[in-house]
Amino acid sequence: MKRTSWLVPTIYILFLMLPIYWLISMSFKTTNEILGNFTLWPQHFTLANYRTIFTDPTWYMGYVNSISYVTLNTVISVTVALPAAYAFSRYRFLGDKHLFFWLLTNRMAPAAVFALPFFQLYSAIGLFDTYLAVALAHTLFNVPLAVWILEGFMSGVPRQLDETAYVDGYSFPRFFTRIFIPNIKAGIGVAAFFCFMFSWVELLLAKTLTSVAAKPIAATMTKTASSSGYELGLLAAAGTLTIIPGAIVIYFVRNYIAKGFALGRV
Amino acid sequence: MNKAVNQKAWFFVLPVLVLVAFNAIVPLMTVVNYSVQETFGNNQFFWSGLTWFTDVLRSERFHASLTRQMIFTGSILLIEVPLGVLIALAMPRKGIWVSICLVLMAMPLLIPWNVVGAMWNIFALPNIGLMGKVLNDLGFDYNYTRQVGDAWFTLILMDVWHWTSLVVLLAYAGLVSIPDAYYQAAKIDGASRWAVLRFIQLPKMKRVLTIAILLRFMDSFNIYTEPVVLTGGGPGNSTTLLSIDLVKIALGQFDLGPAAAMSLIYFLVILLLSWIFYAVMTRNEEW
């Protein structure tokens, strides 16, 4: 078992990398090469697909839009979740358990169920096709998750810390921002990572709530796929570029990932 | 832990409450509203009571997509959970390889869902995709756009590719939290590899595995984008899962009443199954 155990993760990672490799390799091929003959790596290496994306505003604005609402969502989610998580981890109050479970049930709501009502709601309040609309809609599943993660991390901080600070004459806001938040930095990082991740990968709501001005890159891709026929190389290049922000974010939180995925509660 | 009772804590929860209530209750009420009314256009609505609910519950179409959904969710849970635990057990515990493994494994989780679908679409194309071409060259008659079995195989393989890492990362987090003393004690007692797994590792992973199974269950039940991009629900209706069917009814045919009733039944099924599972898994612990 011991000597061969490295084989299992290696094979698994190879399996994970194969479709990604195929996507990247396709993004450097010409349409002719893709449709013409089967090649394992690009024979006529081309950057044309990437050039199209970086010069055409409908393409690159898609990235700007996606990153804008994802960032906005992460900021909103973590900011409102911080005090709530503190309340859940430190105090008991009327209906706390029910409230916590109710919050989590929103994580279970199928986006397909909410797509149409969301469209009507955000049109009615005049936010349709703005970053804020998508950012707010994504809080539906990100805020519960952020509260859940942060609560786990906060419960790991001994309550003596709070008490000592009050004895030392700290007011609550000063204690919270100066002492408590630095103590759960890792938790905030992990919560932000999860909010970023789920907002970045979601498409159904983001697509429903936008038309032109805030359209996410993923929606631009589906539209191109259907309108301009079979431009697989372009599609592959756009897909490759959507992997990059995620990869950067993973790199930054790599040391917290294991603990974060356990939501701090192990 | 005995926490202090403090009703003022409600003020801390208030922003979350307002935000989530706005996003959850208003749309949910809209759905409830549609589900009990009949419309003939022109924004005229008539009370229809529970007709839509009984219609949906009796319709064969709903039964068929619910069955497909159950088969899908059941299969991916049966594959992803044991596979995830196996991989987590085989992972290194220390050194630089830990970070490399974790970063590479987390990659699929951060790819937008329609890109996952598109990626598998081109990966599995029978004539120009790597997997499709290789399978056909090996003598398999593989074509996921024509053959139901192949479509299901590709769909499940895609989900295993996409989400097994979540189980791995959670199980791994559970494993590294087991103190060394447990293993030393097991060694002194001469416990077999199997006994260590059965009596130390699995019980210690119970909490994270509960989270993993719950998340996988909820998310696979809600899956929409990936199968739509991969197979579009086809061939025929063979991979039309619940979400896909719902969107077809609501936005394709604009049958708001039946779609709303179906949404609510769908949501209740998820809630009920999650709650049963959660209650069973945590029945011996206080939470």
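The values are calculated or read from the model by the stated rules, or taken from the named source; none is laboratory data. Quick caveat: nothing in here was measured; it's all calculated off a predicted structure. Note that we place each Cβ from the backbone using ideal geometry, even for glycine, and neighbour counts take in every protein chain shown.
A compact table of results
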| read-out | value |
| --- | --- |
| Residue count, segment B:163-205 (criterion: polar (S, T, N, Q), closer than 19 Å to A:SER5 by Cβ and part of a helix (DSSP H, G or I)) | 3 |
| Any chance A:SER68 is under 25 Å from A:ILE217 (Cα atoms), within 10 Å of chain B (Cβ to nearest Cβ) and out of contact with any His (no Cβ under 6 Å at 6 or more places or on another chain) | no |
| Per-region count, segment A:26-41, residues more than 7 Å from every other protein chain (Cβ to nearest Cβ) and either more than 15 Å from B:VAL115 (Cα to Cα) or of a type in the set (A, V, I, L, M) (or both) | 11 |
| Residue list for segment B:60-93, restricted to those being over 22 Å from B:LEU155 (Cα atoms) and either β-branched (Val, Ile, Thr) or in contact (Cβ under 8 Å) with a residue 24 or more places away in the chain (or both) | B:ALA88, B:LEU89, B:MET91, B:ARG93 |
| Any hit, segment A:42-56, residues being among the charged types (D, E, K, R) and within 8 Å of chain B (Cβ to nearest Cβ) | no |
| Residue identified as among the aliphatic types (A, V, I, L, M) and over 26 Å from A:ARG107 (Cβ atoms) among B:MET91, B:MET119, B:MET105, B:MET29 | B:MET91 |
| B:ILE122 vs. criteria part of a loop (DSSP other than H, G, I, E, B), under 25 Å from A:ILE243 (Cα atoms) and in contact with a Phe, Trp or Tyr (Cβ under 8 Å, 6 or more places away or on another chain) | no |
| Verdict on A:SER123 being more than 9 Å from every other protein chain (Cβ to nearest Cβ) and within 29 Å of B:ILE249 (Cβ to Cβ) | yes |
| Matching residues, segment B:131-181, being under 22 Å from B:PRO235 (Cα atoms) and of a type in the set (S, T, N, Q) | B:ASN136, B:ASN143, B:THR145, B:GLN147, B:THR154 |
| Selection count where residues are touching a helix residue (DSSP H, G or I) at 6+ places or on another chain (Cβ under 6 Å), part of a loop (DSSP other than H, G, I, E, B) and touching a residue at least 24 places away in the same chain (Cβ under 8 Å), scope segment A:21-65 | 1 |
| Candidate set from segment B:1-53 (those that are modelled with pLDDT of 80 or more and among the polar types (S, T, N, Q)); member that is nearest to A:LEU99 (Cα to Cα) | B:GLN7 |
| Entirely in segment A:112-182, the helices (runs of 4 or more DSSP H) that have 2 or more residues that are of a type in the set (S, T, N, Q) and surrounded by 19 or more Cβ atoms within 10 Å (Cβ to Cβ) | A:131-155 |
| Those residues of segment A:84-101 which are without any contact (Cβ under 8 Å) to a residue 24 or more places away in the chain and facing another protein chain (nearest Cβ under 9 Å), in sequence order | A:ALA87, A:TYR91, A:ARG92, A:PHE93, A:LEU94, A:GLY95, A:ASP96, A:LYS97, A:LEU99, A:PHE101 |
| Test: B:ASN143 is touching a Pro at 6+ places or on another chain (Cβ under 6 Å) and assigned to a loop (DSSP other than H, G, I, E, B) | yes |
| Residues satisfying the stated conditions in segment B:250-268, i.e. more than 10 Å from chain A (Cβ to nearest Cβ) and either at pLDDT 75 or above or assigned to a helix (DSSP H, G or I) (or both) | B:GLY252, B:GLY257, B:PRO258, B:ALA261, B:ILE265, B:LEU268 |
| Test: residue in segment A:142-161 that is at pLDDT 90 or above and among the hydroxyl-bearing types (Ser, Thr, Tyr) | no |
| Matching residues, segment B:233-247, being within 11 Å of chain A (Cβ to nearest Cβ) and farther than 21 Å from B:VAL32 by Cβ | B:LEU241, B:ILE244 |
| Segments classed as helices (runs of 4 or more DSSP H), wholly inside segment B:7-97, with at least 2 members that are away from chain A (no Cβ under 14 Å) and exposed (fewer than 13 other Cβ atoms within 10 Å of the Cβ) | B:51-58, B:60-90 |
| Output for segment B:189-205, where each listed residue is within 21 Å of B:TYR278 (Cα to Cα) and within 11 Å of chain A (Cβ to nearest Cβ) | B:LYS204, B:MET205 |
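Yes/no matrix, rows are residues, columns are (1) among the aliphatic types (A, V, I, L, M); (2) crowded, with 24+ Cβ neighbours inside 10 Å; (3) without any contact (Cβ under 8 Å) to a residue 40 or more places away in the chain:
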residue	(1), (2), (3)
B:PHE153	no, no, yes
B:ASP159	no, yes, no
B:HIS162	no, yes, no
B:VAL167	yes, yes, no
B:LEU170	yes, yes, no
B:VAL176	yes, no, no
B:ALA186	yes, no, yes
B:ASP189	no, no, yes
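Quick grid of which residues meet (1) within 23 Å of A:ALA84 (Cβ to Cβ); (2) without any contact (Cβ under 8 Å) to a residue 24 or more places away in the chain; (3) within 18 Å of the chain's Cα centre (by Cα):
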position	(1), (2), (3)
A:ALA112	no, no, no
A:GLU163	yes, yes, no
A:ALA192	yes, no, yes
A:SER199	yes, no, yes
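Rundown of residues vs (1) within 11 Å of chain A (Cβ to nearest Cβ); (2) under 25 Å from A:LEU104 (Cα atoms), yes/no style:
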{"position": "B:ASP159", "(1), (2)": "no, yes"}
{"position": "B:LEU169", "(1), (2)": "yes, yes"}
{"position": "B:LYS187", "(1), (2)": "no, no"}
{"position": "B:THR225", "(1), (2)": "yes, yes"}
